């Protein structure tokens, strides 16, 4: 039995929970969608602790607890959550996780560091449960399931082929962990920014599916190119299952995270930027043999008419 800490991205949380809702309210959700192998330990029991990172000071909130979930397809389902929204920021430095690595995120990167689900120790679980009130402090109840399922159902959207071309194009797919010795300094720095204190060489020695960071060996790196000038403007790093980050060219500065198949912006991106990226993804993902569902774009983001759905 192994409980799991799993993130709900900022963008997804704000689709699930109205702005007027605050700590103490109960988010009535019973599902979490993921194929990450860390969840396999739940087959013998345990819970999924859903968390999200809230601005402006990177507070870590417990969104809910899915007790003894069962898997059906891509979704883990349980009885509706009854745990209230709780600020658990105070225990961040006390969490160890089954890996023993703890949580040592750089300032501004807490959400990114939690994109990979983490198996909890019994002590970790006690720490979290110890902060949860047995009775909600608020009478507010948020019915979030419909919003959640619509937002993360990464393989349902079926966009028609489009001749539209935006400002971006995807090029130069490579596998960092297959060519470690040939990585350029900025590529190594970008991959290392995702790994934190664990080195690239250490991750390369891990066993995917057993070591929670070992799945990162499947990481893809892709350039995002300006279609007008041909200049590379971003690098996109993608890893299982539906997570990643988009970094300014040859830097470790993120313009957007990718969490639970959706964009999780770190800077103002706007509708036009999102549409251009969506068009680039729909054209480039199959051409470069990336899993098309890794990033899920709505019809609105792609710029499709309602009749095209």
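When the residues of segment 13-35 are filtered to those that are closer than 22 Å to residue 240 by Cβ and modelled with pLDDT of 80 or more, which remaining residue is farthest from the chain's Cα centre (by Cα)? Applying the filter and picking the extreme gives 31. Go through the residues of segment 50-64 one by one and say whether even a single one is under 14 Å from residue 2 (Cα atoms) and surrounded by 20 or more Cβ atoms within 10 Å (Cβ to Cβ). The answer is no, given that none of the residues of segment 50-64 is under 14 Å from residue 2 (Cα atoms) and surrounded by 20 or more Cβ atoms within 10 Å (Cβ to Cβ). Would you confirm whether or not segment 265-274 contains a residue that is without any contact (Cβ under 8 Å) to a residue 60 or more places away in the chain and under 21 Å from residue 35 (Cβ atoms)? Within segment 265-274 (the criterion being without any contact (Cβ under 8 Å) to a residue 60 or more places away in the chain and under 21 Å from residue 35 (Cβ atoms)), the answer is no, since none of the residues qualifies. Being modelled with pLDDT under 90 and part of a strand (DSSP E or B) holds for only one residue in 258, 246, and it is 258.
Residues in segment 258-281 that are surrounded by 19 or more Cβ atoms within 10 Å (Cβ to Cβ) and either within 17 Å of residue 302 (Cβ to Cβ) or assigned by TED's automatic domain parsing to the domain that holds residue 34 (or both): 258, 261, 262, 263, 274, 275, 276, 277, 278, 279, 280, 281. The lone criterion from (1) under 26 Å from residue 252 (Cα atoms); (2) in contact with a strand residue (DSSP E or B) (Cβ under 8 Å, 6 or more places away or on another chain) left unmet by residue 101 is number (2). Residue check: is residue 255 crowded, with 22+ Cβ neighbours inside 10 Å and not assigned by TED's automatic domain parsing to the domain that holds residue 32? Judged against the criteria, residue 255 is not a match.
The values are calculated or read from the model by the stated rules, or taken from the named source; none is laboratory data. Since this is a predicted model, take the numbers as computed values, not measurements. Cβ atoms come from the backbone with ideal geometry, glycine included; neighbour counts cover every protein chain shown.
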